[in-house]
Amino acid sequence: MAKVKMKSIYGVHPGVNMMVDWRESLPAKTGRTLEQWIALVQRDGPDDEAARRQWLKEKHGFGTNTAWWIAEQSVGKSGNWEFDGDAYLKKAQQYVADQYTSGKAALKPLYDRLLEIGGELGDDVKACPCQTIVPLYRNHVFAQIKPSTRTRIDLGFALGKYDGDMPARLIDTGGKAKWLKTAYVLDGD
């Protein structure tokens, strides 16, 4: 009997689509492609990345985020995965592997189970790993999984819309805390 391959819960981080949109809209907004901006910054701009950000803002009128992005690109800090969903997904797998190396390796089965539970909430759930956390998305981040210590995984919930009482066993860490299903449901509204 052939094994049925399960669909991966990992999805392309929304930031990748944002970067693609930025890159594609740059010529219409500025008259130059990203590659042209990088070449200009490397040729005419300051040597220091921070000075390049300031130069892009003052001389070329960029906002903070765009100036930061172009300056990073000009010094080779940002990778091509930012513009490629498949490349991001490969990087995402590595992010998770790196989170559970060395002393945190024993937490990986717990992470796997939390990810499985999150995925069971609905077909619209996707996990978009970052270097230190794995956010769970529906429309927005509704939860995140983070290996905080060698013996603990923190499971955070986005419950800004939650209006009920918090169970006594959960710890409020700066926002309302509840359970995963509630966070998921609230993100659908």
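Side notes on the structure shown:
- Mean separation of Cα contacts under 8 Å, 6 or more apart, over the residue count of the chain: relative contact order %: 17
- Whether the stretch 82-141 is rounded, prolate or oblate, judged on the alpha carbon gyration tensor where a/c under 1.5 counts as rounded: oblate
- Rough spin-label spacing in nm, given labels placed 7 Å along Cα→Cβ, for THR151 and GLU116: 2.5
- Taking VAL16, VAL75, VAL134 in turn, the Gaussian network model of the chain (Cα-Cα springs below 10 Å) assigns the largest fluctuation to VAL75.
- Over the chain: helical MRE at 222 nm, DSSP H runs n ≥ 4 each giving -39500 (n - 2.57), nearest 500: -14000 deg cm²/dmol
- Cα gyration tensor shape for the stretch 14-83, rounded if a/c is under 1.5, else prolate or oblate: prolate
- Dipole-positive endmost among ASN65, ASN17, VAL75 within the stretch 14-83 (Cβ charges, Cα centre): ASN65
- Stokes-Einstein D in µm²/s, Kirkwood radius over Cα pairs - the stretch 1-139 at 25 °C with 0.890 mPa s viscosity: 141
- Efficiency of FRET from Cβ geometry, CYS130 and ASP48, R₀ 30 Å, rounded to 0.05: 0.65
- The modelled label-to-label distance between ASP98 and LYS57, using points 7 Å beyond Cα along the C-beta direction, is 2.7 nm.
- Net charge, GLN73 excluded, C-beta distance under 12 Å - Lys, Arg +1, Asp, Glu -1: 0
- Degrees, to the nearest 10: 14-30 long Cα axis against longest axis of the chain: 20
- Rounded to the nearest 20 debye, dipole of the chain from Cβ charges on Lys, Arg, Asp, Glu: 460
Taken together, the values in this text are just the output of simple stated rules run on the coordinates, not laboratory data. Bear in mind the structure is a predicted one, so any value in this text is a computation, not a measurement. Cβ atoms come from the backbone with ideal geometry, glycine included; neighbour counts cover every protein chain shown.
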